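J.: Shown below is the structure under consideration.
The values are calculated or read from the model by the stated rules, or taken from the named source; none is laboratory data. Nothing here was measured: the structure is a model prediction, and the numbers come from that model. Keep in mind that these areas ignore ligands, DNA and RNA; they rest on the heavy atoms of the full protein, side chains included. Shrake-Rupley method; radii C 1.70, N 1.55, O 1.52, S 1.80 Å.
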Amino acid sequence: MRGKRPANEEMRRIAARQHATISRRQLLGAGFSPAAIDRRVESGVLRRVHRGVYLLGPVVPPLAGDMAAVLACAPAAYLSHRSAANLWSLTPHLPNRFITEVTVVARDPRPRGIRVHSVRSLDATETTTLENIPITTPARTLFDLALRLNPRQLERALAEGIRRNTVRPSALTPLLARYPSRSGAPALRRLLATDPAFTRSEAEERLLTLIREAGLPPPEANSPLGPYEIDFLWRRARLAVEIDGWTFHGDRAAFETDRRRDADLVSWGYRVIRVTWRQLSDAPGAVIARLASALCRSPSPHP
């Protein structure tokens, strides 16, 4: 009896950190005999989810299915593809009713109810944990999805990752170099040749957050100046900041309009700084340093 209590405590401890799930291998390691495990299954203390994977208790936590799928394919198994994208919140624009997907290394298990992707190897930089679940990194997840999503869906997934600070376009470069001929690589290369299609409001929110975190003077946002609406304006410092993005500055007519706008602002005594999507995502510190430097410089006297 004295030996059973520590085993039960260990079972509960393991299940608590695994969204109420536990594997037969872990139960054996905790000190249970095969017969003791079977008795708990028969009594309903443990409920079978997959072969050798159980749910402890009557409540099914939201992430129990993801954790159970990884345990069913362990070891060297990681939540991946659409399932990983859902957990990373990369694809809120897509329905999440799909079979759980797991990537395994050097094995090909076929548990029911799980879509398994077998690979020869995964670099250590391509996996991590999220909510205690082994999972592919956001960059690797996007790489896996590149062949499965259409160009617009992939673009939105990357933009969502950048907005949430979970992935940067530069994080995909090592994957493209490591797997140059893999399916999906051309789609990612085409995407990275442009900029993710954020909406203007998302870009402005991101830059405004950076400005506040850096303690810079607050600007006017979307403020009128002559016939124009300026993204961010410091009137006293005579500084105008405009955000460039492929979505709304992606053709020649828009390019020419932006140049005329900049020329007008300069003629009125304003300095103009343009910030791109890529700068916001890859080098936010450099963007803030540039703005801070411009705000510290006294503007030239304006007649």
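J.: Could you look at the range 1-138 and say what percent of its accessible area is carbon and sulfur, using a 1.4 Å probe and all protein chains?
T.: So the carbon and sulfur contribution to the accessible surface is 50 percent.
J.: Here's a follow-up. Would you mind checking which residues have amide H under 5 Å from Glu242's amide H? H placed 1.01 Å from N; only 5 or more apart, or other chain.
T.: Close amide H contacts, sequence-distant or interchain: Ile273, Arg274, Val275.
J.: Computed from the coordinates I sent, volume of the Cα convex hull per residue in Å³ equals one of (i) 127; (ii) 167; (iii) 151. Tell me the label.
T.: Of the labelled values, this structure produces (ii).
J.: Radius of gyration and Dmax for the range 63-122's Cα atoms, expressed in Å?
T.: Both quantities, over Cα of the range 63-122: 11.2, 33 Å.
J.: Turning to a different aspect of this structure: In the P(r) worked out for the range 96-234, what percent of Cα pairs fall beyond 23 Å?
T.: Details: 4700 of 9591 pairs.
For the range 96-234, the share of Cα pairs beyond 23 Å comes to 49 percent.
J.: When the C-alpha atoms of the range 116-195 are aligned to their principal axes, what extent does each axis show, in angstrom, from largest down?
T.: For the range 116-195, the Cα spread along each principal axis is 33, 29, 22 Å.
J.: So who's got an amide H within less than 5 Å of the one on His117, skipping anything under 5 residues away but keeping other chains? H placed 1.01 Å off N, in plane.
T.: HN-HN under 5 Å from His117: Val102, Thr103, Val104.
J.: May I pose another question? I'd like the accessible area for Asp38: 1.4 Å probe, protein heavy atoms, all chains in place, Å² to the nearest 10.
T.: 70 Å²
J.: Follow-up. Mind grabbing the accessible area of Tyr78 for me, 1.4 Å probe, Å², rounded to tens?
T.: 50 Å²
J.: For Ala35 and Arg164, compute 0.36 nm times the residue count separating them, minus their Cα-Cα distance, and round to one decimal in nm.
T.: Fully extending the segment from Ala35 to Arg164 adds 41.7 nm.
J.: Further, regarding this structure: If amide H atoms are built 1.01 Å from N in the plane of the peptide, which residues on other chains or at least 5 residues away come under 5 Å of the amide H of Thr137?
T.: Sorted by chain and number, the residues that satisfy this are Thr127, Thr128.
J.: Over the range 40-178, give the accessible area per residue in Å² for a 1.4 Å probe, as an integer.
T.: Accessible area per residue: 49 Å².
J.: Show me, for the range 185-193, the HN-Hα J-couplings you get by feeding each phi into the Karplus relation (A = 6.51, B = -1.76, C = 1.60, θ = phi - 60°), rounded to Hz, glycine and proline as x.
T.: Running phi through 6.51 cos²θ - 1.76 cosθ + 1.60 with θ = phi - 60° gives 4, x, 5, 5, 4, 5, 5, 6, 6 Hz.
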